[in-house]
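The values are calculated or read from the model by the stated rules, or taken from the named source; none is laboratory data. Just so it is clear, the model here is predicted, and its values are computed rather than measured. Please note: Cβ atoms are built from the backbone with ideal geometry, for glycine as well, and neighbour counts cover all protein chains shown.
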Amino acid sequence: MLGRKIARHGLAIVATVLLGGLLSATLVRLAPGFDVDEAQLDPHLNSASVQALRQARLEQHNIFRFYFHSLQRAAHGDLGTSISLGQPVSVLLRERAPLTLRLVGIGLLLSWAVAMALALSAAWLRVSAYDALTTAISGTFLCIPAAVLALLSVLWNVPGALAIGLIVFPRVYRYARNLLAKAYSLPHIITARAKGLSELRILFWHVVPVAGPQLLAVAGVSVSIAVGAAIPVEALCGLAGVGQLAWQAALARDLPLLTNLTILVTIVTLLANSGADVIGHMLRGQEA
């Protein structure tokens, strides 16, 4: 049963990645001004260099042929060459991925630590004023755009990982709070209180285990939120990561680079969600 579920997730990941890459390439190809390259306006370029730039764009007109050839090269380890940066895509990703992984990882740890601390304390204390305060704090950060948080991190000279954590935190807190509140309303909690169990034991022995599988699903979703938040944070903070690379590629309409970045983000997102789903299925199977 578990092996079949993993196989289904694997097939879904492969199909989604292939379709997502094709759709992203199609959208970039159909975007207004795709054939216009600012580099062609550089007065230092000779006619041969300008013609080479035009030829590179011309090869991308047939999007299906371009995508098929890109998949063929990728199967042999060649991800193509960035048109705007003039470097192999694999080299760019290898140089920039560690910074983004560190930012996203630290941001997720910070957001989950704060969100769970507030959600668990609110569920344990069950004080209306405290619950309203934590909800107001999370709601405030939820209303602030990611770009504004990134700019504030620059102005206040705080790490970019903190900005990512503040972007993810309100989403995690709201889900965690609602899951814990729903678990508290189950009949067995009333029975546990009737037997004289302490609120702390009820929380960690009877509430958290019930909400655990759903929290794992939220963890998978939070990874995709953090990866998306890394784009404005890195672009506005001047951090040379994959997010900044995606921003530069979008501005330059760099089709080879954008296609590979879309596939990479899709793989990370699907693996996070599928991993959380499989682990949650295993935990539910153990409980049964």
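Within region 229-247, track down each residue that is of a type outside the set (A, V, I, L, M) and crowded, with 19+ Cβ neighbours inside 10 Å.
Pro232, Glu234, Cys237, Gly241, Gly243, Gln244
Among the helices (runs of 4 or more DSSP H) lying completely within region 118-205, list those that include at least 3 residues that are surrounded by fewer than 12 Cβ atoms within 10 Å (Cβ to Cβ) and over 28 Å from the mean Cα position of the chain (by Cα). Full working, then the answer.
Working: elements: 128-143, 146-155, 160-184, 187-194, 199-202.
Helices (runs of 4 or more DSSP H) meeting the threshold: 128-143, 187-194.
The rows are residues; the columns are (1) at pLDDT 90 or above; (2) in contact with a His (Cβ under 9 Å, 6 or more places away or on another chain); (3) on the phi > 0 side of the Ramachandran plot.
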{"site": "Leu197", "(1), (2), (3)": "no, yes, no"}
{"site": "Arg201", "(1), (2), (3)": "no, no, no"}
{"site": "Val221", "(1), (2), (3)": "no, no, no"}
{"site": "Ala230", "(1), (2), (3)": "yes, no, no"}
{"site": "Leu251", "(1), (2), (3)": "no, no, no"}
{"site": "Leu255", "(1), (2), (3)": "no, no, no"}
{"site": "Val278", "(1), (2), (3)": "no, yes, no"}
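Output the qualifying pairs, or none if there are none: Cβ atoms under 7 angstrom, residues six or more apart or on different chains, first residue in region 16-29 and farther than 15 Å from Ala74 by Cβ, second residue outside any helix (DSSP H, G or I).
Val28/Phe34; Val28/Arg253; Arg29/Gln60
Return the residue satisfying two criteria in turn: it lies in region 63-117 and is of a type in the set (Lys, Arg) and surrounded by fewer than 19 Cβ atoms within 10 Å (Cβ to Cβ), and of such residues it is nearest to Phe204 (Cα to Cα).
Arg102
To keep it simple, each residue is scored yes or no on (1) within 21 Å of Thr269 (Cα to Cα); (2) of a type in the set (S, T, N, Q).
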residue: Gly86; (1), (2): no, no
residue: Ala122; (1), (2): no, no
residue: Phe141; (1), (2): no, no
residue: Leu149; (1), (2): no, no
residue: Asn157; (1), (2): no, yes
residue: Arg174; (1), (2): yes, no
residue: Arg177; (1), (2): no, no
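Taking the condition at pLDDT below 85, over 15 Å from the mean Cα position of the chain (by Cα) and aliphatic (A, V, I, L, M), does Leu215 pass?
So Leu215 fails the test.
Let's see how each residue does on (1) under 28 Å from Ala276 (Cβ atoms); (2) modelled with pLDDT of 80 or more; (3) outside any helix (DSSP H, G or I):
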{"site": "Lys5", "(1), (2), (3)": "yes, no, no"}
{"site": "His9", "(1), (2), (3)": "yes, no, no"}
{"site": "Leu18", "(1), (2), (3)": "yes, yes, no"}
{"site": "Ala25", "(1), (2), (3)": "no, yes, no"}
{"site": "Val28", "(1), (2), (3)": "no, no, no"}
{"site": "Val36", "(1), (2), (3)": "no, no, yes"}
{"site": "Leu45", "(1), (2), (3)": "no, no, yes"}
{"site": "Arg54", "(1), (2), (3)": "no, no, no"}
{"site": "His69", "(1), (2), (3)": "no, yes, no"}
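Would you confirm, using the coordinates I've provided, whether Thr262 is polar (S, T, N, Q), under 19 Å from Val89 (Cα atoms) and either outside any helix (DSSP H, G or I) or touching a residue at least 12 places away in the same chain (Cβ under 8 Å) (or both)?
yes
I'd like the full set of residues that are free of Cβ contacts under 8 Å to residues at least 60 places away in the same chain and on the phi < 0 side of the Ramachandran plot, limited to region 75-94.
Of everything in region 75-94, those that are free of Cβ contacts under 8 Å to residues at least 60 places away in the same chain and on the phi < 0 side of the Ramachandran plot turn out to be Ala75, His76, Asp78, Gln87, Pro88, Ser90, Val91, Arg94.
Looking at Ile225, is it modelled with pLDDT of 90 or more and closer than 18 Å to Ala176 by Cα?
Here the answer is yes, as Ile225 does meet what is asked.
Could you list all residues from region 150-184 that are free of Cβ contacts under 8 Å to residues at least 12 places away in the same chain, over 14 Å from Ala235 (Cα atoms) and not β-branched (Val, Ile, Thr)?
Of region 150-184, the ones free of Cβ contacts under 8 Å to residues at least 12 places away in the same chain are 152, 155-158, 178.
With the extra rule that they be over 14 Å from Ala235 (Cα atoms), the set shrinks to 155-158, 178.
Selection gives Leu155, Trp156, Asn157, Asn178.
What's the total number of residues in region 71-109 that are more than 15 Å from Ile263 (Cα to Cα), polar (S, T, N, Q) and part of a helix (DSSP H, G or I)?
1
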